[in-house]
1. Spot the failing condition for residue 97; the list is (1) modelled with pLDDT under 95; (2) surrounded by fewer than 14 Cβ atoms within 10 Å (Cβ to Cβ); (3) under 26 Å from residue 51 (Cα atoms), and only one is missed.
2. Listed residues 6, 24; which is among the basic types (Lys, Arg) and in contact with a helix residue (DSSP H, G or I) (Cβ under 6 Å, 6 or more places away or on another chain)?
3. Would a scan of segment 1-21 turn up a residue that is among the small types (Gly, Ala, Ser), more than 15 Å from the chain's Cα centre (by Cα) and at pLDDT 95 or above?
4. Check whether at least one residue in segment 136-143 is in a helix (DSSP H, G or I), at pLDDT below 95 and over 30 Å from residue 27 (Cβ atoms), and report yes or no.
5. Specify the residue that is modelled with the lowest pLDDT; the eligible residues are those in segment 100-133 that are closer than 24 Å to residue 7 by Cα and among the small types (Gly, Ala, Ser).
6. Every residue in segment 11-42 that is closer than 15 Å to residue 129 by Cβ and aliphatic (A, V, I, L, M), please.
7. Report, ordered by the first and then the second residue, all pairs with beta carbons closer than 8 Å, sequence separation of six or more or different chains, a first member in segment 2-26 that is over 20 Å from residue 59 (Cβ atoms) and touching a residue at least 24 places away in the same chain (Cβ under 8 Å), and a second member that is among the charged types (D, E, K, R) and in a helix (DSSP H, G or I).
8. At least 2 residues that are of a type in the set (Gly, Ala, Ser) in each: list the helices (runs of 4 or more DSSP H) lying fully within segment 1-84 that qualify.
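The values are calculated or read from the model by the stated rules, or taken from the named source; none is laboratory data. Owing to the predicted nature of the structure, the values given are computational and were not obtained by experimental measurement. Please note: Cβ atoms are built from the backbone with ideal geometry, for glycine as well, and neighbour counts cover all protein chains shown.
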Amino acid sequence: MKLSARSRYGARLLLDLAQHGQGRPVHLTEVATREELPVKFLEQIAIPLRQAGLLTSVRGPKGGYLLARPPAEISLAEVVAVLEGEELTDCLADAGRCRRVGTCLTRRVWQEAGRAFYDKLRSISLADLLNLGREFPEENGHVQPRGHGAFQ
């Protein structure tokens, strides 16, 4: 499975707000600079995240975006579900799209794999990621987990 840039960048956007927002609105240009992401793409991603209740926006010169809930209450599953949908394949999202729904031998596997995938993502909050960043130094650009918490 391959996550789209929307999900990866959406997670980075929310994580950046958790790290740097601390109760103040953050401009997407700040996030784009820190995360080396296109601001126009972040603007497109922020819309469904705000509509889903993960972000709030503040207008005006001191405006920007804030997390709508504490980082411990936002899971990676929510981010991915908003930006990708909750099913791994189109045929699971809309059974009417596939003529083979009643006879497809792989459909059940995709359902179970999707459930396992989202169960894992539900177990990881933004706060978990923040803690991981504090607990484990980065080596060669990769975080080295040590087999505890949500990352077992």
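1. For residue 97, the exception is condition (3).
2. Working: 24 fails: in contact with a helix residue (DSSP H, G or I) (Cβ under 6 Å, 6 or more places away or on another chain).
Step by step, each of 6, 24 is checked, and only 6 is among the basic types (Lys, Arg) and in contact with a helix residue (DSSP H, G or I) (Cβ under 6 Å, 6 or more places away or on another chain).
3. Taking every residue of segment 1-21 in turn, none turns out to be among the small types (Gly, Ala, Ser), more than 15 Å from the chain's Cα centre (by Cα) and at pLDDT 95 or above.
4. First pass over segment 136-143, keeping only residues in a helix (DSSP H, G or I): none.
No, segment 136-143 contains no residue that is in a helix (DSSP H, G or I), at pLDDT below 95 and over 30 Å from residue 27 (Cβ atoms).
5. So in segment 100-133, the residues closer than 24 Å to residue 7 by Cα come out as 107, 109-133.
Among the residues that remain, those that are also among the small types (Gly, Ala, Ser) are: 113-114, 116, 123, 125, 127, 133.
Values: 113: 88, 114: 86, 116: 92, 123: 96, 125: 97, 127: 95, 133: 70.
Among those residues, the one meeting the criterion is 133.
6. 11, 13, 14, 15, 17, 18
7. Every condition considered, the pairs that remain are 3/84; 4/84; 6/84; 7/84; 9/35; 12/35.
8. Numbers: elements: 5-20, 28-35, 39-51, 76-84.
So the answer is 5-20, 76-84.
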